[in-house]
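A.B. asks: Here it is, the structure in full.
The values are calculated or read from the model by the stated rules, or taken from the named source; none is laboratory data. Computed from a prediction, not measured in an experiment: that's the story for all the values here. Here the Cβ positions follow ideal geometry from the backbone for every residue, glycine too, while neighbour counts run over all protein chains shown. Surface accessibility is based on the protein's heavy atoms, side chains included, excluding ligands, DNA and RNA. Shrake-Rupley method; radii C 1.70, N 1.55, O 1.52, S 1.80 Å.
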Amino acid sequence: MNNPSLVCQAYAFATVVLWSTAYVYTKVALAFFTPGPLGLVRCAVASIAFLVVLPAMGRGHGGFFVPAARHLPLFAASGLSGFTLYLLAFNEGSISLNPTTNCIVISTAPILTAALARMFFGERLPVLRWLALALAFGGVVVMNGGGSGFVLAPGMGWVLAAAVLLSLYNVVQRTLARHYGAVQIAAWSFFAGTLFLLYCLPQAVAEMRAAPAHALWLVLLLGIFPSAAAYLLWTRALSLAPRTSLVTNYMFLTPFLSMLLDFAVTGGLPGASTFAGGAIILGALLMFSVAGQRARKA
């Protein structure tokens, strides 16, 4: 496969397949672990994977390095928002929500990121993107069962918080990207995220001792594949893509893949509100993407 366009799409497809597994297998793992310890073990495994891989990579290709002291607060903010708090909120939400609902709500992160970029960087947001933001929120309300009394179900509230935290992570990444590569940012963000989760270590050790072998393998896979490996593949895809949208458009497949995997593993299908709200949110993401393409051509 010598065509760079096809190669980057293969990397992108592999990434979204790995990401979709996180939604299903996190819910399975939560039968044996509580949210904090599960987040710590997943972050720690990913950090170890980066410690193994990065020294083998040249500095120009995202190899191991030590950040400048002035950037350590940014890496701390990146790890806190993108991994520590994100995984705590994501895992809490995963307890009560089905993987498909979880995945679709998290997929609002690109829209929320654009809104935050407008706040922090003064980026112009076209009217169509504001409409997409409103439409996405409407989809969340529908998925929440109509939002009676405008009170989010606990699981929905946690996952929406996770989407906001992921958006904050993206904003911090943009600042760090002026100085470091994407793989380097992901690696040191995982290191920071692991450090902030160390308060869960005693409980994590106790739960790992009590967990059956297959649960330990499951957490190991969560740390390696949808975490470290997915970030490496995604970065490679973006570096080869002639157009960013050629890669990012594959994110639309994640909810569908998550639903198929959930059905294969648990035999469960989401309810009507998930299909209805999910269709609205995916429509909002499509509108958001189209608005961005028009803005670049203008």
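A.B. asks: Can you tell which of 219, 290 is more than 18 Å from residue 186 (Cα to Cα), touching a Leu at 6+ places or on another chain (Cβ under 9 Å) and at pLDDT 80 or above? Reasoning before the result, please.
C.D. replies: Numbers: 290 fails: at pLDDT 80 or above.
Result: 219 is the single residue among 219, 290 that is more than 18 Å from residue 186 (Cα to Cα), touching a Leu at 6+ places or on another chain (Cβ under 9 Å) and at pLDDT 80 or above.
A.B. asks: In the range 224-240, which residues are at pLDDT 80 or above and of a type in the set (S, T, N, Q)?
C.D. replies: 227
A.B. asks: Check off (1) surrounded by fewer than 19 Cβ atoms within 10 Å (Cβ to Cβ); (2) closer than 22 Å to residue 44 by Cα; (3) under 21 Å from the mean Cα position of the chain (by Cα) for residue 194 and give me the number that stays unchecked.
C.D. replies: (1)
A.B. asks: Another question, then. Which count do you get for residues in the range 259-274 that are part of a helix (DSSP H, G or I) and at pLDDT below 80?
C.D. replies: Residues that pass the stated criteria total 4.
A.B. asks: What is the number of the single condition among (1) modelled with pLDDT of 85 or more; (2) assigned to a helix (DSSP H, G or I); (3) not charged (D, E, K, R) that residue 53 does not meet?
C.D. replies: (1)
A.B. asks: Okay, next question. Does at least one position in the range 167-189 carry a residue that is closer than 20 Å to residue 25 by Cα and open to solvent by 20 Å² or more (accessible area, probe 1.4 Å)?
C.D. replies: No, the range 167-189 contains no residue that is closer than 20 Å to residue 25 by Cα and open to solvent by 20 Å² or more (accessible area, probe 1.4 Å).
A.B. asks: Restricting attention to the range 57-108, report how many residues are in a helix (DSSP H, G or I), under 19 Å from residue 193 (Cα atoms) and modelled with pLDDT under 80.
C.D. replies: Residues meeting the conditions: 0.
A.B. asks: Is the range 36-44 home to any residue that is open to solvent by 50 Å² or more (accessible area, probe 1.4 Å), at pLDDT 90 or above and under 30 Å from residue 268 (Cβ atoms)?
C.D. replies: Within the range 36-44, none of the residues are open to solvent by 50 Å² or more (accessible area, probe 1.4 Å), at pLDDT 90 or above and under 30 Å from residue 268 (Cβ atoms).
A.B. asks: Shifting gears a bit: Determine which single condition residue 107 fails, assuming it passes every other condition in (1) within 22 Å of residue 25 (Cβ to Cβ); (2) open to solvent by 40 Å² or more (accessible area, probe 1.4 Å).
C.D. replies: Here residue 107 meets the rest and fails (2).
A.B. asks: Something else: Restrict the check to the range 241-258 and report whether at least one residue is assigned to a helix (DSSP H, G or I), among the basic types (Lys, Arg), modelled with pLDDT under 80 and open to solvent by 30 Å² or more (accessible area, probe 1.4 Å).
C.D. replies: No, the range 241-258 contains no residue that is assigned to a helix (DSSP H, G or I), among the basic types (Lys, Arg), modelled with pLDDT under 80 and open to solvent by 30 Å² or more (accessible area, probe 1.4 Å).
A.B. asks: Restricting attention to the range 153-162, does a residue exist that is modelled with pLDDT under 80 and open to solvent by 40 Å² or more (accessible area, probe 1.4 Å)?
C.D. replies: yes
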